[in-house]
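The values are calculated or read from the model by the stated rules, or taken from the named source; none is laboratory data. Small disclaimer: the values here were computed from a predicted structure and weren't measured. Here the Cβ is made from the backbone with ideal geometry for all residues, glycine too, and neighbour counts use every protein chain on show. Protein only, heavy atoms only, side chains kept; ligands, DNA and RNA dropped before computing areas. Shrake-Rupley method; radii C 1.70, N 1.55, O 1.52, S 1.80 Å.
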Amino acid sequence: MWSEFKAFLLKTNVVALALAFIVGVALAAVVVSLVNDIVMPPVGLLLGGADFQNMYWNISGKSYPNLKAARDAGAAVIAYGNFINTVITFVIVALVAFLIGRALIKATVSTKVCPRCGMDVPIPATRCPFCTSDLAAVGARTV
């Protein structure tokens, strides 16, 4: 059973997926710090000194000096400042993931165009399956 389990882990790339998850969690922590410690303070300053961590709507009817005090008292609050931070964090993580993916995943050319009929055929093909032209003789272009 152990050998089957080991084969499953290696065959299905579970180890690679686990490592990618660990790196992703670490990257998310870096991005959260980037947003909270570097991006949001200047944005708050530009918006008149707003502290996004302390922006909330109190729907309990009582008054509290800040979000932490309201939450400690168990008041019903809508913490829209935290939501704004989370959205900005998500956008940055998605952008970084896109840039990394774009850099690492190169589009591979797998077909060429038959010059006689214009159909896409696999690169190794020497004869077009659609019009039966000899592709080596006519010089098909890759797509």
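Exactly one residue out of Val32, Val15, Val25, Val87 is of a type in the set (Val, Ile, Thr) and in contact (Cβ under 8 Å) with a residue 12 or more places away in the chain: that is Val32. Considering the stretch 55-94, and only residues there that are β-branched (Val, Ile, Thr) and exposed (fewer than 13 other Cβ atoms within 10 Å of the Cβ), the residue that is farthest from Leu27 (Cα to Cα) turns out to be Ile59. Across the stretch 1-38, the qualifying residues are those that are open to solvent by less than 70 Å² (accessible area, probe 1.4 Å) and closer than 22 Å to Asn66 by Cβ, and the one among them that is farthest from the chain's Cα centre (by Cα) is Asn36. The residues of the stretch 70-86 that are of a type in the set (A, V, I, L, M) and either more than 9 Å from Tyr56 (Cβ to Cβ) or outside any helix (DSSP H, G or I) (or both), listed by number, are Ala73, Ala75, Ala76, Val77, Ile78, Ala79, Ile84.
Let's see how each residue does on (1) closer than 30 Å to Val23 by Cα; (2) surrounded by 15 or more Cβ atoms within 10 Å (Cβ to Cβ); (3) modelled with pLDDT of 90 or more:
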{"residue": "Met40", "(1), (2), (3)": "yes, yes, no"}
{"residue": "Gln53", "(1), (2), (3)": "yes, yes, no"}
{"residue": "Ala103", "(1), (2), (3)": "yes, no, no"}
{"residue": "Lys106", "(1), (2), (3)": "yes, no, no"}
{"residue": "Pro124", "(1), (2), (3)": "no, no, no"}
{"residue": "Leu135", "(1), (2), (3)": "no, yes, no"}
{"residue": "Thr142", "(1), (2), (3)": "no, no, no"}
